[in-house]
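Bear in mind these aren't lab numbers, they're just calculated from the coordinates by the rules spelled out. Note that the structure is a prediction, hence the values are computed from the model and not measured. Note that each Cβ is placed from the backbone with ideal geometry, even for glycine, and that neighbours are counted across all protein chains shown.
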2 protein chains.
Amino acid sequence: MSKVKIGAFSVSLDGFGAGPLQDLNNPLGVRGFELHTWFQRTTVFQKMHHLGEGSLGVDNDFAARSFDNVGAWILGRNMFGPVRGPWKDDSWKGWWGDEPPYHVPVFILTHHARAPLPMKGGTTFHFVVDGPESALRQAKDAAGGRDVRIGGGVSTIRQYLTGGHVDEMHLAFSPVVLGEGENLFADIHLPKLGFKPVQTTAGEEATHVIFKRT
Amino acid sequence: MSKVKIGAFSVSLDGFGAGPLQDLNNPLGVRGFELHTWFQRTTVFQKMHHLGEGSLGVDNDFAARSFDNVGAWILGRNMFGPVRGPWKDDSWKGWWGDEPPYHVPVFILTHHARAPLPMKGGTTFHFVVDGPESALRQAKDAAGGRDVRIGGGVSTIRQYLTGGHVDEMHLAFSPVVLGEGENLFADIHLPKLGFKPVQTTAGEEATHVIFKRT
């Protein structure tokens, strides 16, 4: 059955999914990139960005798994780019160059309308201005029976979690503490939302935990 | 050199070191006992409570390590017992029966004076009414060159962390989310306090992380 899932989402040991002070130079916030070391070393990441071979092993398996059967993505506006307010023009096309690593429809939550943006390799960015539930409906339709992946950032994930829309969540706990930034867990009561960790696996550079709704 | 350390302190994946609503029936708060499953299964725990053999392996090694070279303990009042306000009499002698598993001096932070309480097996409970720094000085003196272990609970640990008194911290992340309770990390900036995770090891029932000050 088609699922709504969070995959390979990296958090620090103290619960932060991004550092503070996001901007063009720090798209993940200050020190946020350290959360993703495990992913950047994988063959999945390296091949995605045409960088050659990377690591194989547990981290790579979890990275690969996060892309399995994904028919559509949902991203928050900040994960698409650092532009704030209305789109001035079409020059910003995401952080990922001409051929983004999605290869399926991607729905961007924003308050500012913009025409769909088809990219090389099958990715089309759709800009959704009428809220996360509308984005989810559109993503489910577009996914054609496959899964919808909520890509992030933290506030987007928190929105879908608290809305009760997520079926499965894979978090990668990186061996890092940030002390500040965007906290994934603050005021989110995962047990009340029905979530339980069902699998914990040590990777080479992160600890992978799968949460399911019971 | 003598260290001040936190050892084998269990936290949930969402950062809670105890559940909500501590009382006589729930000394660790609601669901708090689930944080300690890894420890309760170890041979270290089983022998400590004269229950026979337990598990050997990584979790047991980390449990054993937490007791190495400990010359004195510091505990918060709530970890010693559920009694609130002045001590009515000497009837409450801790959660651990006649022979507590410390076997060294234990300093209890409290606002209410009480005479030292010697127990079987070498444990003496000392009640400290003039604050955490005084307790630390007394514990260091009593430890005779060995380490001082800050046992808990969460607020005691937070106090010594933010006071800059802790040299090393071993947290055991249990595969549990609580959603509420006493959060270890909230508003504590471990990097600013100089802490960095230096070792992550998967145990059978918990993930062990050693933090050191750099």
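Annotations for the structure displayed:
- Considering residues of segment A:173-214 that are closer than 20 Å to A:Gln40 by Cβ and surrounded by fewer than 19 Cβ atoms within 10 Å (Cβ to Cβ) only, the residue farthest from the other protein chains (Cβ to nearest Cβ): A:Glu204
- When B:Arg149 is tested against (1) farther than 22 Å from A:Leu35 by Cβ; (2) within 12 Å of another protein chain (Cβ to nearest Cβ), exactly one condition is not met: (2).
- The selection criterion, being on the phi < 0 side of the Ramachandran plot, within 12 Å of the chain's Cα centre (by Cα) and among the β-branched types (Val, Ile, Thr), holds for B:Val106.
- In this structure, A:Ser55 does satisfy being farther than 17 Å from A:Ser10 by Cα and crowded, with 18+ Cβ neighbours inside 10 Å.
- When residues of segment B:84-103 are limited to those that are farther than 19 Å from B:Asp23 by Cα and surrounded by 12 or more Cβ atoms within 10 Å (Cβ to Cβ), the one farthest from the chain's Cα centre (by Cα): B:Glu99
- Within the set B:Ser66, B:Ser91, the sole residue that is touching a residue at least 40 places away in the same chain (Cβ under 8 Å) and under 27 Å from B:Gln46 (Cα atoms) turns out to be B:Ser66.
- No other residue among B:Gly85, B:Gly144 is touching a Gly at 6+ places or on another chain (Cβ under 6 Å) and either over 22 Å from B:Phe9 (Cβ atoms) or polar (S, T, N, Q) (or both) apart from B:Gly144.
- Any chance A:Phe107 is away from every other protein chain (no Cβ under 14 Å), crowded, with 23+ Cβ neighbours inside 10 Å and under 19 Å from A:Val83 (Cβ atoms): yes
- Filter result for B:Met48 (over 27 Å from B:Gly179 (Cα atoms) and hydrophobic (A, V, I, L, M, F, W, C)): yes
- Output for segment A:185-213, where each listed residue is outside any strand (DSSP E or B) and either closer than 18 Å to A:Lys5 by Cβ or in contact (Cβ under 8 Å) with a residue 24 or more places away in the chain (or both): A:Phe185, A:Ala186, A:Ile188, A:Leu190, A:Leu193, A:Gly194, A:Gly203, A:Glu204, A:Glu205, A:Ala206
- For segment A:12-61, filtering for residues that are away from chain B (no Cβ under 14 Å) and at negative phi leaves 28.
- Any chance A:Gly164 is on the phi > 0 side of the Ramachandran plot, surrounded by fewer than 16 Cβ atoms within 10 Å (Cβ to Cβ), over 13 Å from the mean Cα position of the chain (by Cα) and free of Cβ contacts under 8 Å to residues at least 40 places away in the same chain: yes
- Among the residues of segment B:7-32, those that are farther than 17 Å from B:Pro101 by Cβ and in contact with a helix residue (DSSP H, G or I) (Cβ under 8 Å, 6 or more places away or on another chain) comprise B:Val11, B:Ser12, B:Phe16, B:Gly17, B:Ala18, B:Gly19, B:Gln22, B:Asn26.
- The residue list A:Thr123, A:Thr156 contains one member that is more than 14 Å from chain B (Cβ to nearest Cβ) and surrounded by fewer than 22 Cβ atoms within 10 Å (Cβ to Cβ), which is A:Thr123.
- Filter result for A:Gly71 (assigned to a loop (DSSP other than H, G, I, E, B) and either touching a Leu at 6+ places or on another chain (Cβ under 9 Å) or of a type outside the set (A, V, I, L, M, F, W, C) (or both)): no
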